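As structure tokens, the structure follows; a few thoughts come after it.
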Amino acid sequence: MIWLGVSIALVGALGYAGGAALQQYEAVHGGANLKLVRRPRWLIGGVIGLLGAGLHAVALSFAPLVLIQPVSVATLVFAVPLAAVLHGRRPRRPEVLGSIAVAAGLLGLMLLIPQTNTRPVLSTPEAIGFLAVVGVVVAVCNLAARRVRGSAKALLLSIGAGSVTASVSTFVRVVGGGLGGDLSRLLHWFTLAIPVLLVFAIVLLQKSYAVGYFGIAYAGVQVVDPITSVLAGAILLGEPLPSGAGDVIPAVVSAAVLIAGTITLSRLAPESTKAVSPPHPDIPLPVSSEAGVEAGIR
């Protein structure tokens, strides 16, 4: 059942990557505002991403959070080159190398995670505390993003988005993995929290995409989301992590490769020199796919 969940997550992640590339293309050219709803390509990207997010949610019902979340990172190898093609150019070598490094680093970490599938249990005080921490991260990142530009701005916004998509995945794991065939367990505030968190994740994702640095924005989300989810799974849900020198040393090497790939992507030029915000600001549009819930959910 565990590898069935991983396989489903991989298919969902591919859909999320394609949807993200389409939406980023439109967000760069039109800004992260309500005008996006008039763009067919953005809507198509949302549908594709939503399907990917749905598959990701199904996968979380079969396998632990600490195992499913890193799967989405492999899509960097496809998402960044796809975005380049949409912008009418060939993928740059640093884009390809950076994407592969990030994906390889996180996949290496994923393979070191023990394969167990314990039933997730999360208390209300723990859930509220988790959401409070995520809220602080989002607030700090957005305040800091107002003071910087370029790749730093895209990275800060993506960190906030990634932390929220991770919270979506965490709640989906708790709700889906804890059903045990009893649908009455859906009658819980955790279930209602999922769509609310998803809306916030979507808005933050569009804001990070609109900056223009798709490689760093997408990589930022795909790094922060699984790392946050893995920590939540280990700390809050009691899911196991690698231990012992034989696992810790390869984990450190994988983390170093991941960081190197992220730095490489952060040095790339933006897809567009157009201003991030349109001349007449609109309300951010809370309609779309992810994380991939690989929002994500992812």
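Bear in mind that the values in this text are calculations on the coordinates, not laboratory data. Everything quoted here is computed from the prediction, not taken from an experiment. Heads up, the Cβs are rebuilt from the backbone with ideal geometry, glycines too, and the neighbour counts pull from every protein chain shown.
Brief remarks follow.
- Phi-based couplings in Hz for the range 196-201 (Karplus 6.51, -1.76, 1.60; Gly and Pro marked x): 5, 5, 5, 4, 4, 4
- Gain on full stretching of the segment that runs from SER123 to TRP189 - 0.36 nm per residue minus C-alpha separation: 22.6 nm
- Remark: ASP247, ASP225 ranked as ASP247, ASP225, counting other beta-carbon atoms within 10 Å and listing the fewest first.
- The label point for SER7 and the one for VAL47, both projected 7 Å from the Cα toward the Cβ, are 2.7 nm apart.
- Fully extending the segment from LEU97 to ILE263, taken as 0.36 nm per residue of separation minus the present Cα-Cα distance, adds 58.6 nm.
- Sequence ranges 145-157, 201-213, ranked by mean other-Cβ count within 10 angstrom, highest first: 201-213, 145-157
- For SER169, SER184, order by how many other beta-carbon atoms lie within 10 Å, fewest first: SER184, SER169
- In order along the range 138-153, phi translates into HN-Hα couplings of 4, 4, 5, 5, 5, 5, 5, 5, 6, 9, 10, 9, x, 5, 5, 5 Hz, rounded to whole numbers, per the Karplus curve 6.51 cos²θ - 1.76 cosθ + 1.60 with θ = phi - 60° and x for Gly and Pro.
- Available extension along the chain between VAL133 and ARG38 is 30.7 nm, counting 0.36 nm per residue and deducting the alpha carbon span.
- Only Lys, Arg (+1) and Asp, Glu (-1) charged, at Cβ; the range 2-266 dipole about Cα centre in debye: 1060 debye
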